[in-house]
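Trainee: Below is a structure I'd like to ask you about.
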Ligand SMILES: [Zn+2]
């Protein structure tokens, strides 16, 4: 399946006005995903230049340096728009259609869009609402023609009439008509996408966004709620309910995520995607996929009655033996051998998949996402569990002793990511214990925690669920973002 993304930028549409108008195409999009307020960053002027620059670069004004509608002094060569970055760095095909000069032309310090693969610029014949309506119509015609047939991976289409109308006529009837007209044009762009001969084999993400609002009389640049409240509508693979707080920088970040492109670190994006497919899922075994934790605890208690669970859960046999040695004084090697033999026997006889585990592995297979098993158990125990789960479900497996250090060190997760040839930061680790979570996060992975015996608290890039039951694409795409 080919992933493609369309961003439609509609300039200067007030959220409160939008909400009271019938805009069926936007409403349908929001029903498939969400429509949510976006507050313009406190240090960013509520003006088109800075806001659009933030939206399409994924970095704040402090980095891209566009502070007004004169772009002179910008740093877009370091922090380019997504259409330029994807075309130049990845050889992806990108497309931009717009009628506002600084977006497209070497004037006023522009262009914002520096080097997309394909572009359409149609300037309105005059700076009037009527001319802007005509311009938007022509931009829509041209963009629809491209979107219907071209192999464009990422596109940006700009509609400017609502903003121009508010500036000339205030936020009254003419403005409302312009907003409704923009929705009709959105409908034409979406129809063009659906008409593509290859549409059935494509995953489309559509993002519709405004840059700022307007005061009642028309005009913006201040910090009233009407000016600073922008919005974003989004629909596409993995996109469900709106995340709690979205920023303009997140739009650019989501464009990359929608194409499966994990950002390079030196891009220093300020935005975070709100739905991103993990490039691989790295799964802990004990307590996450199979209930071996109770067997392990029982084994430890049979070996040394009164041992403390917090010191042995998620730990390797040798670490546990060392801990028990400190308690009992028994030889660590003998303790380890006893633990290993008892545990292996118990796993072979009693281990069963935890609720939702097999369904999750099936889902990963169906989505074509590689899975790895990352365990602190020994190879014999891992192999015994693989016999229960099915060895074909994992592209690679890591057992205790196969990396220089085991969990809570990052080594096992780093080894699994290396084995799959993916960036650990683009991987989702599934873990049940604080020790395992520490290891996965030290490796830079996103984490989905399903705590078993010890609790795990939510944190940045860490999602906590009760168990693996009911995990679908949306849960996978949003976990640990
Ligand atoms: Zn604007």
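We did not get these values from a lab; they are worked out from the coordinates using the rules stated. What you see is a predicted model, and the numbers here were worked out from it, not measured in a lab. Quick reminder, even Gly has a Cβ in these numbers, built from the backbone with ideal geometry, and neighbours come from all protein chains shown.
Trainee: Per 20 Å bin from zero, what fraction in whole % of the C-alpha pairs of the chain is there, up to the bin with the longest pair?
Mentor: Percent of Cα pairs in each bin: 23, 44, 24, 9, 0.
Trainee: Working from Cα positions, state the angle (0 to 90°, nearest 10) between the long axis of helix 357-367 and the longest principal axis of the chain.
Mentor: Orientation of helix 357-367: about 40 degrees from the principal axis.
Trainee: Give me the number: length gained by fully extending residue 402 to residue 379, i.e. 0.36 nm times residue separation minus the C-alpha to C-alpha distance, one decimal in nm.
Mentor: Details: separation 23, 0.36 × 23 = 8.28 nm, distance 0.86 nm.
Fully extending the segment from residue 402 to residue 379 adds 7.4 nm.
Trainee: Additional query: Got a sec? How would 477, 52 order by Cβ neighbour count within 10 Å, fewest to most?
Mentor: Exposure proxy ranking, most exposed first: 477, 52.
Trainee: What residues of segment 341-378 lie in the reach of a label at residue 392, counting those whose backbone N is under 18 Å from a point 7 Å from the Cα along Cα→Cβ?
Mentor: Within reach of a label on residue 392, which here means backbone N under 18 Å from a point 7 Å along Cα→Cβ, segment 341-378 contributes 358-373.
Trainee: Normalising by the residue count of segment 1-98, find the relative contact order in percent from Cα pairs under 8 Å and 6+ residues apart.
Mentor: Details: 69 pairs, mean separation 14.9, N = 98.
In percent, rounded to a whole number, it is 15.
Trainee: Please report the projected area of segment 2-274's Cα convex hull averaged over all directions, in nm². Numbers along the way, then the final one.
Mentor: Details: hull surface 49.7 nm².
Averaging across all directions leaves 12.4 nm² for the Cα convex hull.
Trainee: In the chain, what % of DSSP beta bridges are antiparallel (nearest 5)?
Mentor: 25 percent
Trainee: Mind checking the full-extension length gain between residue 118 and residue 345? Use 0.36 nm per residue of separation minus the Cα-Cα distance, one decimal, nm.
Mentor: Values: separation 227, 0.36 × 227 = 81.72 nm, distance 6.37 nm.
My answer for the length gained is 75.4 nm.
Trainee: While we're here: To the nearest Å, what is the center-to-center distance of segment 261-305 and segment 309-371, using C-alpha atoms only?
Mentor: Spelled out, the Cα-based centre of one part sits 14 Å from the other.
Trainee: As a check on your grasp of the helix formula, calculate [θ] at 222 nm for the chain: sum -39500 (n - 2.57) over DSSP H runs of n ≥ 4, divide by the residue count, round to the nearest 500.
Mentor: Only helices count here, giving -12000 deg cm²/dmol.
Trainee: Distance in nm between label sites at residue 366 and residue 330, each 7 Å beyond Cα in the beta-carbon direction?
Mentor: Label-label distance for residue 366 and residue 330, simple model: 4.6 nm.
Trainee: Continuing with the same structure: Can you pull the percent of Cα pairs in segment 1-102 with separation above 15 Å?
Mentor: Cα-Cα pairs in segment 1-102 separated by more than 15 Å: 70 percent.
Trainee: Between residue 126 and residue 352, 0.36 nm times their residue separation minus their Cα-Cα distance comes to what?
Mentor: Result for the pair: 74.2 nm of gain on full extension.
Trainee: For the residues 319, 81, what sequence is obtained by ranking on other C-beta atoms within 10 Å, fewest first?
Mentor: Ascending number of Cβ neighbours within 10 Å: 319, 81.
Trainee: Same structure again: Of 388, 10, how do they rank once you tally other Cβ atoms within 10 Å and put the fewest first?
Mentor: Least crowded to most crowded, the residues run 388, 10.
Trainee: List the relative contact order of segment 277-481 as a percent without decimals, with contacts defined as Cα pairs under 8 Å and 6+ residues apart.
Mentor: Relative contact order, segment 277-481: 25 percent.
Trainee: Next question, about the same structure. If you average the alpha carbon positions of segment 125-163 and of segment 396-425, how far apart do those two centres end up, in angstrom?
Mentor: 49 Å
Trainee: Using only the alpha-carbon atoms of segment 106-173, report the extent along each of the three principal axes, biggest first, to the nearest angstrom.
Mentor: Largest first, segment 106-173 extends 40, 30, 20 Å along its Cα principal axes.
Trainee: Expressed as a fraction of 2.2 N^0.38 Å, the rule-of-thumb size for a compact globular protein of N residues, what is the C-alpha radius of gyration of segment 408-481?
Mentor: 1.03
Trainee: Can you give the log10 of the normalised intensity I(q)/I(0) at q = 0.09, 0.13, 0.15 Å⁻¹, computed with Debye over equal Cα scatterers of segment 277-481?
Mentor: Taking Cα atoms of segment 277-481 as identical point scatterers yields -0.30, -0.64, -0.85.
Trainee: Relative to a virtual label point 7 Å from the Cα of residue 32 in the Cα→beta-carbon direction, which members of segment 235-276 show backbone nitrogen distances below 12 Å?
Mentor: Flagged as within label range: 235-239.
Trainee: What distance in nm lies between label points placed 7 Å from Cα along the C-beta direction at residue 241 and residue 457?
Mentor: Going from the residue 241 label point to the residue 457 one covers 2.3 nm.
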